[in-house]
Amino acid sequence: MGRLDGKVALIVGASPNNGGTTAHFMAREGAKIVANDLVPESGEETAEFIRSRGYDAIALPGDASDAEQVQAVVNQTVEHFGKIDILVNMAGRQYRWAVWDVNIYDWERQLKGYLTGGMLTTKYVSRVMMEKGIRGSIIHIVSDAGHQGEAGNSGYSAAKGGLLNFCRAAAMDLAHLGIRVNTISPTYVEHNMWRFGGVASLRTRHRVTADDFLKGIPLGRFCRASDVAYAAIFLGSEESTFMTGCDIPLDGGARSKYWAWVPGQFTGIDAQEYYENATQTKYGVPIDELEQ
């Protein structure tokens, strides 16, 4: 018996790694998967991988920040599987600049992707849950940047902070229906180090290295896509039916520690060295296993 047997999960932003891993892990727990992504090929790749493992999955492309496209994806999900029990939203694209050099076009795209996308997916999925009397679970992936100010990343911090508080309000709106809304806040996710070429390449004039991150994380490693997937499974399962309006921090204890305490010295670890020593995964499966 899987923890999500009989449930239908819509994963918004289901490209390989973060979304793909959550989709794969939920499928292993018995959920039927709808892999949605702005890039059709990405969603289809995830769905095909899940089907190759013997699970049920379809791909439905669409832009989470466009109301008509979100409604179409939700309607097609219901047409195919009959319902939606779980929404996991991790759509959006990040842009970085110093606050005195904000690019207004990218600022608005970022807010629309994360914040408007979060509202639209919640709006249309909750309507289906209400119509069908489903006491469902809506899960949004926030970030530690939604709780703290991150230099060189004001747009992302604003969008994720807004999404965090939107989810709290939505949780109160939907509580009387038994529909739960919760969030997950990862710190920097491990696979992004090689996907984007290292932590330092994602800054403006504020140099942030792998060493800097690790010094602030008591558990001494980065968040992994599998960590996000396991938290999402818990929030989507019957094990969390008395939780709503909550946030799960996946930061290795960083948010809980006293600000002046430096947990440890990991001198000399750069992004390349971490990459070479970390487990490389896709859909939560070691790369070397996929290549066998």
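Observations
- Fraction of beta bridges assigned by DSSP in the chain that are antiparallel (%, nearest 5): 5
- Value of D in µm² per second that Stokes-Einstein yields for the chain, Kirkwood Rh from Cα pairs, at 25 °C (0.890 mPa s): 127
- The accessible surface of the range 126-192, taken with every protein chain in place and a 1.4 Å probe, is 49 percent carbon and sulfur.
- Relative contact order of the range 94-183: 37 percent, from C-alpha pairs under 8 Å at least 6 residues apart in sequence.
- Only Cα pairs under 8 Å and 6+ residues apart enter the sum, and on that basis the relative contact order of the chain stands at 19 percent.
- Rg and Dmax, both from the Cα atoms of the range 95-197 and both in Å, are 15.5, 48.
- Accessible area (Å², per residue) of the range 58-109, counting only protein heavy atoms and a probe of 1.4 Å: 53
- Net charge of neighbours whose Cβ lies under 14 Å from the Cβ of residue 248, counting Lys and Arg as +1 and Asp and Glu as -1: -2
- Charge tally around residue 44: other residues with Cβ under 11 Å, Lys/Arg +1 each, Asp/Glu -1 each, net -3.
- Mean-position separation - Cα centroids, the range 8-40 and the range 102-142, in angstrom: 16
- Anchor residue 7: lysines whose Cα lies under 24 Å away (excluding residues fewer than 8 positions away in-chain): 32, 83, 123, 132, 282
- Placing +1 on each Lys and Arg Cβ and -1 on each Asp and Glu Cβ, with no other charges, gives the range 223-266 a dipole about its Cα centre of roughly 260 debye.
- Where labels lie 7 Å past Cα in the beta-carbon direction, separation of residue 148 and residue 257 in nm: 0.9
- Packing order of peptides 135-144, 117-126, 89-98, highest average first: 135-144, 117-126, 89-98 (average count of other Cβ atoms within 10 Å over each peptide's residues).
- Placing unit charges on each Cβ (+1 for Lys and Arg, -1 for Asp and Glu) gives the chain a dipole about its Cα centre, and among 27, 143, 182 the Cα reaching farthest toward its positive end belongs to 182.
- Dipole magnitude of the range 1-131 about its Cα centre (Cβ charges: Lys, Arg +1; Asp, Glu -1), debye to nearest 20: 400
The values are calculated or read from the model by the stated rules, or taken from the named source; none is laboratory data. Fair warning: this is a prediction, and the values are worked out from it, not measured in the lab. Note: ideal-geometry Cβ built from the backbone for every residue, glycine included; neighbour counts use all protein chains shown. These accessible areas exclude ligands, DNA and RNA; they are computed on the full protein's heavy atoms, side chains included. Shrake-Rupley method; radii C 1.70, N 1.55, O 1.52, S 1.80 Å.
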